[in-house]
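The values are calculated or read from the model by the stated rules, or taken from the named source; none is laboratory data. It should be emphasised that the depicted structure is a prediction, and the values quoted were computed from it without experimental measurement. Reconstructed Cβ throughout: ideal geometry from the backbone, glycine too, with neighbour counts over all protein chains shown. The accessibility values were calculated without ligands, DNA or RNA, using every heavy atom of the protein model including side chains. Shrake-Rupley method; radii C 1.70, N 1.55, O 1.52, S 1.80 Å.
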Amino acid sequence: IIVPANHDTTEKTLLSYPGAPNSTIQACTDCNTEQTRIYAEQSLNNALDNIYNHPNVAPFVSKLLIQQLVMSDPSPAYVERIATIFNQNKTNPSQLKEVVKAILLDVEARGNIKTAPRYGKLREPVLMATTLARHYPATNFFLNGQSDGRLRFHTAPTGQKPSYSPT
């Protein structure tokens, strides 16, 4: 929700790169409340367009999606193929659908590479411990009346402790 009273109406400098759709947002002069709301919406849209069209966004988003859906360490060629699909569908309302489809149907996700030592997706330590506890039913010794199932003793050396978030 845009709150006109909280919006900065001065000139803003955005990312500057070759082909940037806009690198500055002009200041709003003589803005009343309604004009400030419209200016704020336009400023937000311009800033988002500036970020979205940056050349690093497609590879960055593609790599993150591949890491979440298929493997922890995708090859640069895999990321480049998906980034190409991302860029080809920038104006397509079903862009995410096309990108996910390309990720899951790519040769690296479905081919013989699955036998390679680097293939696969590593689980976070807490998720791995809870999966093991589910598959090999945790005993009272394992749970010992602790709300976190004493998982913190098993995952603490990896840097993760359930229910002990620093924030």
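How big is the Cα convex hull of the range 43-84 in projection, averaged over all directions, in nm²? Could the numbers behind the result be given before it?
Values: hull surface 12.7 nm².
Result: a mean projected hull area of 3.2 nm².
Once you treat every alpha carbon in the range 68-108 as an equal point and sum by Debye, what is log10 I(q)/I(0) at q = 0.31, 0.35 Å⁻¹?
-1.13, -1.28
Checking the table 63/121; 63/97; 63/161; 121/161 against a 23 Å threshold on Cα-Cα, which pairs fail?
On the way: 63/121 13 Å; 63/97 16 Å; 63/161 27 Å; 121/161 21 Å.
Pairs exceeding 23 Å: 63/161.
If we sort 19-25, 37-43 on the protection proxy, mean other Cβ atoms within 10 Å, highest first, what's the order?
Most protected by this proxy first, the peptides run 37-43, 19-25.
Computing the accessible area with a 1.4 Å probe over protein heavy atoms, can you report the carbon and sulfur percentage for the chain?
Here it works out to 56 percent.
Bins of 5 Å, beginning at zero and ending with the bin holding the largest distance: percent of Cα pairs per bin for the chain, please.
1, 7, 11, 11, 10, 10, 11, 12, 10, 8, 5, 3, 1, 0
Determine the per residue accessible area of the chain with all protein chains present and a 1.4 angstrom probe, expressed in square angstrom. Numbers along the way, then the final one.
Values: 11720 Å² over 167 residues.
Ligands and nucleic acids excluded, the result is 70 Å² per residue.
What is the chain's relative contact order, in percent, from Cα pairs under 8 angstrom and six or more apart in sequence? The partial results should precede the final answer.
Numbers: 149 pairs, mean separation 23.6, N = 167.
Here the relative contact order equals 14 percent.
Given the rule -39500 (n - 2.57) for each run of at least 4 DSSP H residues, summed and divided by the residues of the chain, what is its mean residue ellipticity at 222 nm, to the nearest 500 deg cm²/dmol? If you can, show how the numbers build up before the last one.
Numbers: 8 runs with 81 residues, N = 167.
Per the formula, -14500 deg cm²/dmol.
Along each principal axis of its Cα atoms, how long is the range 8-76 end to end? Whole angstroms, biggest number first, please.
53, 25, 14
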